[in-house]
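Peer 1: The structure under discussion is supplied below as structure tokens; questions concerning it will follow.
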């Protein structure tokens, strides 16, 4: 099909013009909210943004914005007089659909591009850690998601007779594929548990403790509706993160839905408007279908176990069933037929529900577990496939409190059991087992395996940088061991396999690295100092932590001393790092910035000189005494 | 020429709105389509304009199938009964919309006529009265300079002066170029002074159609009285549509025109008066001759 033949720019321009107010609002809503969201993240002092956080607002608006755009472009089919107007214009149906659909695509591209540009600006000008590759992923991911939602909404509008019905049909179309994909999970009862079957004494003891069947350690309980809802409404068709296969899959589904929308529009009986569906059978079928997700959600919310809660569920479902008529038709007609349909639907639902519940119960045996993965210190996604270690981990004490626990991911892959779940065990137990496993298998840590040239962003005390020289120094130092991490720890971020990864890297691994980082931090400190008076601390090897409030006090009242100190900082900002150093802080932007005073001897001299000048000042004496009393002695074994 | 061939359309299984409707509408004419409410006049116009699709049959315009024919649609404009304007649009903005889509659109006509009709071209149309809105729609449609104009309940809401103005404007448009206008109404009187042809839509079909001029010249009402006693058979050989005799005077509706007049004169009547017939009366007698009660049709 020659698309240009069916694209009428003038028609699109006029169409956009007549809806410019609402279009501008919906085009700007995502970029504006995203900007506010990013500012709030900055204000909250949290600089690292993962893909899921970056996507949060876009996910929520994905349910609204594409539908509104589709309604603006195709909503005329719901009103007889607008149908008369649009279809009598010298533009045929194919052209109307293709022109408006492409118009919708342009708008969506514009919205996501604008939002991405805002993210790029934030990434380049603020301390937010957002690699450009992640923003590119965001762009692709949400262009596809929004286009997918747009195609679903358009198909729904082309099939429906009024707005309320088109909303219902949109949700039904959205639910159809996940429903087919996750049927098994969907109908699983809440009390369905997954147990790791084992036969050791430890297992027996644990099963008594957990109330699990004897000999089993419960490691997984299914929460089907939550999974289903999340997958369907929020992240469908993605699994919450960027995956190329999912993007392609969604694109294909989007093309199918768009084609169906095209057929539905060009073949649509335009007289079918201002009502739900002309055909009563279709109307009641759609209505009964919508009852299914509604009842499932209710099951989850009111946990229908006893007869009372079941009655409540039935009552609410009945209200929904009739409210549906009021919303879509603005009246309830044929009460008896409606009631009979409701009873039939409920019987059918319960029949299917209980049958599936029975067959969806999962028992997994220890032998079924292929692997357990864990994030442990410098070992991200450490995969343990050794059966012995798997048994030891599975039979460890389950710990619900995440603060004292180690989160394990269980991968089960066998003929009929394929899933991933998580459980937590006591960290003291887990750490020992995993340390043992690492040592036995001589596994290299992530820091030693990584190619540091690909590090996107380095963050240390308000210093955010991307620097090739720094990357080289990191690479050189990666295999050096350091017992004490002292000084500063760098957070290294890189975007790999569509995931933002982070690594902690002690600067103390190499003196060159420490000096270089110290210089970078000092430069940034000086750039932001302006007229502020820094807070001074000593914090160093062989020394003790003490603040220097007396110095701050003097600097506040004595401009000459202040000038002298600032001159000192300027002169010494490129000093090489030494074992003993002081810190100076300023409060800059949203957090502290740090200056490392490496020439402590020179600073001590200056400090003493200033103190001598004010030795008779009562306040200075008071500060010195207080600081001495509160100082904490800390020993370090710190060597390059 | 517009040719409708066996058009069928139903909205429910029980009833066909149009039942194999067949009709020919000549070029450069104003065709009035008359029928009671709900008889299918608007549906027919919507089918001709590709808004609805006929269940069967076809619409041919200048020999081409009109359904979804973009080239033909550039020469067609439809003003429905229930008017639509973009919210917060003025007449000028609406005219701009039409101008973008109709290649022969005449913006100056809109501007001049708006001035004549006292319509503020920059004012939001939604603030206009029903009649003013109709004026806006008619102006935009006429300004398209399309070859085929379709008006549903054309003059609904217009006062007699404005109605007259638009009738003149349409006639002017017809003389300017070969325009064919099809307009519907449930009121025959509204169309009689403007239409060249009239068709009556009844039960999904064109029940009767004809040229207004020939109807007017061929059909007349006569009151007659003869010296001798007479009855309906006396007028055998004439096409009498209606015969009523009260006392010695009979009232006849005759369709044969001048021929009939000479035949009547040969009967040497005592009284012979020719009375004018309104279009409505002509239709009443035609319908009665066909066996229909006019009141149930209109």
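Peer 1: Out of everything in region B:95-106 that is more than 7 Å from every other protein chain (Cβ to nearest Cβ) and not in a loop (DSSP other than H, G, I, E, B), what residue ends up being surrounded by the most Cβ atoms within 10 Å (Cβ to Cβ)?
Peer 2: B:95
Peer 1: For region B:34-46, check the following and say yes or no: at least one residue is buried (at least 16 other Cβ atoms within 10 Å of the Cβ), over 20 Å from the mean Cα position of the chain (by Cα) and more than 19 Å from residue B:141 (Cα to Cα).
Peer 2: Scanning region B:34-46 turns up no residue that is buried (at least 16 other Cβ atoms within 10 Å of the Cβ), over 20 Å from the mean Cα position of the chain (by Cα) and more than 19 Å from residue B:141 (Cα to Cα).
Peer 1: Take region A:1-44 and flag every residue that is part of a loop (DSSP other than H, G, I, E, B) and more than 17 Å from residue B:88 (Cα to Cα).
Peer 2: A:1, A:2, A:7, A:8, A:44 - these are the residues of region A:1-44 that are part of a loop (DSSP other than H, G, I, E, B) and more than 17 Å from residue B:88 (Cα to Cα).
Peer 1: What single numbered condition from (1) outside any loop (DSSP other than H, G, I, E, B); (2) under 30 Å from residue B:80 (Cβ atoms) fails to hold for residue A:58?
Peer 2: Result: residue A:58 passes all but (2).
Peer 1: Something else now. Looking at residue B:168, is it at pLDDT 90 or above, more than 18 Å from residue B:134 (Cβ to Cβ) and either out of contact with any strand residue (DSSP E or B) (no Cβ under 6 Å at 6 or more places or on another chain) or not in a helix (DSSP H, G or I) (or both)?
Peer 2: Judged against the criteria, residue B:168 is not a match.
Residues checked against (1) farther than 20 Å from residue A:273 by Cβ; (2) touching a strand residue (DSSP E or B) at 6+ places or on another chain (Cβ under 7 Å); (3) within 14 Å of another protein chain (Cβ to nearest Cβ); (4) touching a residue at least 12 places away in the same chain (Cβ under 8 Å):
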{"site": "A:75", "(1), (2), (3), (4)": "no, no, yes, yes"}
{"site": "A:115", "(1), (2), (3), (4)": "yes, no, no, yes"}
{"site": "A:123", "(1), (2), (3), (4)": "yes, no, no, yes"}
{"site": "A:146", "(1), (2), (3), (4)": "yes, no, no, yes"}
{"site": "A:159", "(1), (2), (3), (4)": "no, no, no, yes"}
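Peer 1: I'd like the full set of residues that are loosely packed, with under 15 Cβ neighbours inside 10 Å and either free of Cβ contacts under 8 Å to residues at least 12 places away in the same chain or under 17 Å from residue B:272 (Cβ atoms) (or both), limited to region B:188-229.
Peer 2: Those that are loosely packed, with under 15 Cβ neighbours inside 10 Å and either free of Cβ contacts under 8 Å to residues at least 12 places away in the same chain or under 17 Å from residue B:272 (Cβ atoms) (or both): B:214, B:227, B:228, B:229.
Peer 1: Within region B:59-78, can one find any residue that is part of a strand (DSSP E or B) and more than 14 Å from chain A (Cβ to nearest Cβ)?
Peer 2: yes
Peer 1: Right, next: Scan region A:1-13 and tell me whether some residue there is more than 14 Å from chain B (Cβ to nearest Cβ) and modelled with pLDDT of 90 or more.
Peer 2: No - not one qualifying residue is present in region A:1-13.
Peer 1: Mind listing whichever residues of region A:124-137 are in a helix (DSSP H, G or I) and surrounded by 22 or more Cβ atoms within 10 Å (Cβ to Cβ)?
Peer 2: Scanning region A:124-137 gives A:134, A:137.
Peer 1: Can you find, within region A:463-483, the residue that is surrounded by the most Cβ atoms within 10 Å (Cβ to Cβ) among those that are in a loop (DSSP other than H, G, I, E, B) and touching a helix residue (DSSP H, G or I) at 6+ places or on another chain (Cβ under 7 Å)?
Peer 2: The qualifying residue surrounded by the most Cβ atoms within 10 Å (Cβ to Cβ) is A:478.
Peer 1: Right, here's the next one. Any idea which of B:215, B:207 is within 20 Å of residue B:34 (Cβ to Cβ), assigned to a helix (DSSP H, G or I) and touching a helix residue (DSSP H, G or I) at 6+ places or on another chain (Cβ under 8 Å)?
Peer 2: Unique residue meeting the criteria: B:215.
Peer 1: Looking only at residues in region B:79-94 that are more than 10 Å from chain A (Cβ to nearest Cβ) and surrounded by 21 or more Cβ atoms within 10 Å (Cβ to Cβ), which one is nearest to residue B:25 (Cα to Cα)?
Peer 2: Here the answer is B:91.
Peer 1: For region B:230-242, which positions are more than 12 Å from residue B:267 (Cα to Cα) and over 37 Å from the mean Cα position of the chain (by Cα)?
Peer 2: Result: B:231, single match.
Peer 1: Another one. If a residue counts only when it is away from every other protein chain (no Cβ under 14 Å), within 31 Å of the chain's Cα centre (by Cα) and modelled with pLDDT under 75, which helices (runs of 4 or more DSSP H) contained entirely in region A:235-352 have at least 3 such residues?
Peer 2: By residue number, A:280-302.
Peer 1: Which one of these does residue A:90 not meet: (1) in contact with a helix residue (DSSP H, G or I) (Cβ under 7 Å, 6 or more places away or on another chain); (2) within 26 Å of residue B:88 (Cα to Cα); (3) at the interface with chain B (Cβ under 10 Å from one of its Cβ atoms); (4) part of a helix (DSSP H, G or I)?
Peer 2: Going through the list (1) in contact with a helix residue (DSSP H, G or I) (Cβ under 7 Å, 6 or more places away or on another chain); (2) within 26 Å of residue B:88 (Cα to Cα); (3) at the interface with chain B (Cβ under 10 Å from one of its Cβ atoms); (4) part of a helix (DSSP H, G or I), residue A:90 breaks only (4).
Peer 1: Mind telling me which of the residues A:99, A:95 ends up being within 12 Å of another protein chain (Cβ to nearest Cβ) and within 38 Å of the chain's Cα centre (by Cα)?
Peer 2: A:99
Peer 1: Need the failing condition index for residue B:19 against (1) in contact with a strand residue (DSSP E or B) (Cβ under 9 Å, 6 or more places away or on another chain); (2) surrounded by fewer than 15 Cβ atoms within 10 Å (Cβ to Cβ), just the number.
Peer 2: (2) is the only condition that residue B:19 fails.
Peer 1: Can I ask one more? Return the only residue of B:52, B:31 being touching a strand residue (DSSP E or B) at 6+ places or on another chain (Cβ under 7 Å) and more than 14 Å from every other protein chain (Cβ to nearest Cβ).
Peer 2: The unique qualifying residue is B:31.
Peer 1: Which residue pairs have Cβ atoms under 7 Å apart, sit 6 or more places apart or on different chains, and have a first residue in region A:324-337 that is not assigned by TED's automatic domain parsing to the domain that holds residue A:164 and a second that is assigned to a loop (DSSP other than H, G, I, E, B) and loosely packed, with under 12 Cβ neighbours inside 10 Å?
Peer 2: Filtered contacts from region A:324-337: A:325/A:331.
The values are calculated or read from the model by the stated rules, or taken from the named source; none is laboratory data. Since the structure is predicted, the reported quantities are computational estimates derived from the model, not experimental observations. All Cβ positions, even for glycine, are placed from backbone atoms using ideal geometry, and neighbour counts span all protein chains on display.
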